[in-house]
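Step one of this worksheet: look at the structure below.
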C-alpha cells in the first residue's frame, strides 16, 4: 500500500501544475470581468511561464546539491503560496504576482517528481512511471477545462484554492514516505529497498556556497528576455519597437555570456557551474534533445489549438471542447503506460520515435487540412493518430539521454530532458500564440477597420465575455471571422506536423 500511495502523491503535483495552467486559461473571461485591465492580460500567462522556465537550470542544480525531499516540500509551499495569492487576489497586479510565484513553485515540483521517481525506481521501471507523469499532464489539461467551465463567475477563486487543498491532503505522505534522497551522500537507488543507508549530514551553508550565482543570473535574464519579447511582440508593442528589440538583444547577449562563463568557469568551477555545456556537443545528446523538444512541441500545440478549433470555429462551449478532445487524451492515457511497460522489455529505444514520429506526423498533416465544415471522421482521426504517436516516444528521452553522458553528469542529463520538454512547450505556446494572434488580428483589422484593436484582440483570444462583438455581426461577417480564425489555426497545425517531422528526421 505504501508504494502506490507514494507514487500517486508525488505525481499529483504534475496534475495540479497542469490543471492550474489550463484552468487559468479557461477563467480569463471571468478574471477580466472581475479586475478589468485587459492590457495586463498577457502577464497572467507570461508571468507563469517566466516563473517556471527561467528557473529550470537553477532548480535542476539545486536538486544536485540539496535533498530532494526538502526541495520538493519547499516548492510545494511556494506553489501553494502562489495559488493562495491568486485565490485571494483583489487586483490584477496581485493575481500576476501570484502567477509568477506559482510558476516558480510548479517547475520545482515537476523537476522534483522526475528526480524522485528516477531515484526510487530502476532503469527498467522508470519509463512506466514517467508515462504516469505524462498521463497526469494530459488529464490535467482536460480536467482543467472541465473544472473551469463548471466553476462559473461566482466560485472562480476555488480553482486556485483547490491546489492548496490537494497539497494539504498529501502533505502527511510527503513528510513520512518520501525518502530524503540527499545527492551529496549515499542515497537509496530504489525506495522499496529494505536497507536504507543513513545519509551523512552535510551543512547547508557549504552546499549553498557552491551555487553558480553569475550563471544563474545570466540564464534567468536570457530566458526572461526571450519569452517576454515573443509574448509581447506584435501585440503590446511592434516587433521593431525599442522595448521588443531591447528584450531580444538582452536575451542574446546574456545567452552568449552564459555559454562563455560556463565554458571558462568564470567565478565558478567545473564541478559547481550551473550546466556543463560540453555535453551539448555530444551528437547523441543533441539528437535526443531535438526529438524530445519536437515531440513535446507537436503534441501540446496540437492539444491546445484543437481546443481553440472546437471553441472558435465549431462554436463549442469550454465543456464541449474538452469532451471532444477525449479521443486524443484517451489515446495518450492508454498508450503512455503501455509504452512504459513494453519499452524496457523489447528495447530499441531509438526505434520508438521513428514509429511514433511517422504516426504523429500523419496526424499533424490531418490537422493542417481541417476546414470549418470537416466531417467528424476527419476531425477525430488526426486526434487519435497524434495521441498514439505522441505517447509512443514522449518519455523516450528519460531512458536514452542518461546513457549518452558521463556517469557524473546523469543529473544534468535529466535537467536537459526537462528543459527540452518544459522549455519547448513554453516557447512553442508563446510563439504560436503570438503568430496566431498577430495573423488573425491583422486580417480582422482589414475586415473591420472601424473596430478597436482591443475588441478584436479579445475576440481572437476568447476573452470577450459573452462574445458581444461576434454576436452583433451579420451571418456573412461571422463566417468571414471564422474563416480568418481557421486560417490562423491551420498555420499553427502546420507547425505541429513540422515539429513531428523534425523529430522523425532526428530519430532516423
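Among the helices (runs of 4 or more DSSP H) contained in the range 1-110, which hold 1 or more residues that are within 24 Å of residue 150 (Cβ to Cβ) and at pLDDT 90 or above?
Numbers: elements: 2-26, 28-35, 41-53, 56-62, 68-87.
Ranges flagged: 68-87.
Against the definition (under 30 Å from residue 408 (Cα atoms) and surrounded by 23 or more Cβ atoms within 10 Å (Cβ to Cβ)), how does residue 53 come out, yes or no?
It is true that residue 53 is under 30 Å from residue 408 (Cα atoms) and surrounded by 23 or more Cβ atoms within 10 Å (Cβ to Cβ).
Criterion first (closer than 25 Å to residue 482 by Cα, touching a helix residue (DSSP H, G or I) at 6+ places or on another chain (Cβ under 9 Å) and either surrounded by 18 or more Cβ atoms within 10 Å (Cβ to Cβ) or not assigned by TED's automatic domain parsing to the domain that holds residue 500 (or both)) does residue 402 satisfy it?
Taking the combined requirement at face value, the residue does not satisfy it.
Quick one: is residue 227 within 28 Å of residue 46 (Cα to Cα), surrounded by 13 or more Cβ atoms within 10 Å (Cβ to Cβ), within 28 Å of the chain's Cα centre (by Cα) and in contact (Cβ under 8 Å) with a residue 60 or more places away in the chain?
Taking the combined requirement at face value, the residue satisfies it.
Which ones in the range 113-163 are at pLDDT below 70 and part of a loop (DSSP other than H, G, I, E, B)?
152, 153, 154
How many of the residues making up the range 427-442 are more than 24 Å from the chain's Cα centre (by Cα) and either surrounded by fewer than 18 Cβ atoms within 10 Å (Cβ to Cβ) or not in a helix (DSSP H, G or I) (or both)?
1
In the set 310, 248, which member is farther than 22 Å from residue 44 by Cα and under 24 Å from the mean Cα position of the chain (by Cα)?
Within the list 310, 248, the selection yields 310.
Please return the ranges of helices (runs of 4 or more DSSP H) entirely within the range 336-411 where 3 or more residues are within 22 Å of the chain's Cα centre (by Cα) and modelled with pLDDT of 95 or more. Walk me through it before giving the result.
Numbers: elements: 352-368, 376-393, 396-400.
Those helices (runs of 4 or more DSSP H) span 352-368, 376-393.
Tally the residues that are at pLDDT below 95 and either touching a strand residue (DSSP E or B) at 6+ places or on another chain (Cβ under 8 Å) or closer than 16 Å to residue 352 by Cα (or both), restricting the search to the range 481-503.
Adding up the residues that qualify gives 0.
Considering every residue within the range 471-485, establish whether at least one is under 30 Å from residue 109 (Cα atoms), in contact with a helix residue (DSSP H, G or I) (Cβ under 6 Å, 6 or more places away or on another chain) and either surrounded by 17 or more Cβ atoms within 10 Å (Cβ to Cβ) or not assigned by TED's automatic domain parsing to the domain that holds residue 330 (or both). So that I can check it myself, show each step before the final result.
Start the filter on the range 471-485 by keeping residues that are under 30 Å from residue 109 (Cα atoms), which leaves none.
Scanning the range 471-485 turns up no residue that is under 30 Å from residue 109 (Cα atoms), in contact with a helix residue (DSSP H, G or I) (Cβ under 6 Å, 6 or more places away or on another chain) and either surrounded by 17 or more Cβ atoms within 10 Å (Cβ to Cβ) or not assigned by TED's automatic domain parsing to the domain that holds residue 330 (or both).
Being free of Cβ contacts under 8 Å to residues at least 12 places away in the same chain and either within 22 Å of residue 494 (Cβ to Cβ) or in the same structural domain as residue 300 (by TED's automatic domain parsing) (or both) narrows it down to one of 344, 376, so name that one.
Every option except 376 fails the conditions.
Given the conditions (1) surrounded by fewer than 23 Cβ atoms within 10 Å (Cβ to Cβ); (2) assigned by TED's automatic domain parsing to the domain that holds residue 401; (3) assigned to a helix (DSSP H, G or I), which single one is not true for residue 315?
Only one criterion in (1) surrounded by fewer than 23 Cβ atoms within 10 Å (Cβ to Cβ); (2) assigned by TED's automatic domain parsing to the domain that holds residue 401; (3) assigned to a helix (DSSP H, G or I) is unmet by residue 315, namely (3).
Could you list, in sequence order, all residues of the range 184-223 that are at pLDDT 75 or above and more than 30 Å from the chain's Cα centre (by Cα)?
Going residue by residue through the range 184-223, those that are at pLDDT 75 or above are 184, 202-223.
Once the filter is applied, which keeps residues that are at pLDDT 75 or above and more than 30 Å from the chain's Cα centre (by Cα), the range 184-223 yields 202, 203, 204, 205, 206, 209.
Does residue 110 count as buried (at least 19 other Cβ atoms within 10 Å of the Cβ), touching a residue at least 24 places away in the same chain (Cβ under 8 Å), within 20 Å of residue 425 (Cα to Cα) and within 20 Å of the chain's Cα centre (by Cα)?
yes
Only one of these is surrounded by 15 or more Cβ atoms within 10 Å (Cβ to Cβ), at pLDDT 90 or above and over 19 Å from residue 396 (Cβ atoms): 274, 308. Name it.
The conditions single out 274.
The values are calculated or read from the model by the stated rules, or taken from the named source; none is laboratory data. What you see is a predicted model; the values in this text were computed from it and never measured. Here the Cβ is made from the backbone with ideal geometry for all residues, glycine too, and neighbour counts use every protein chain on show.
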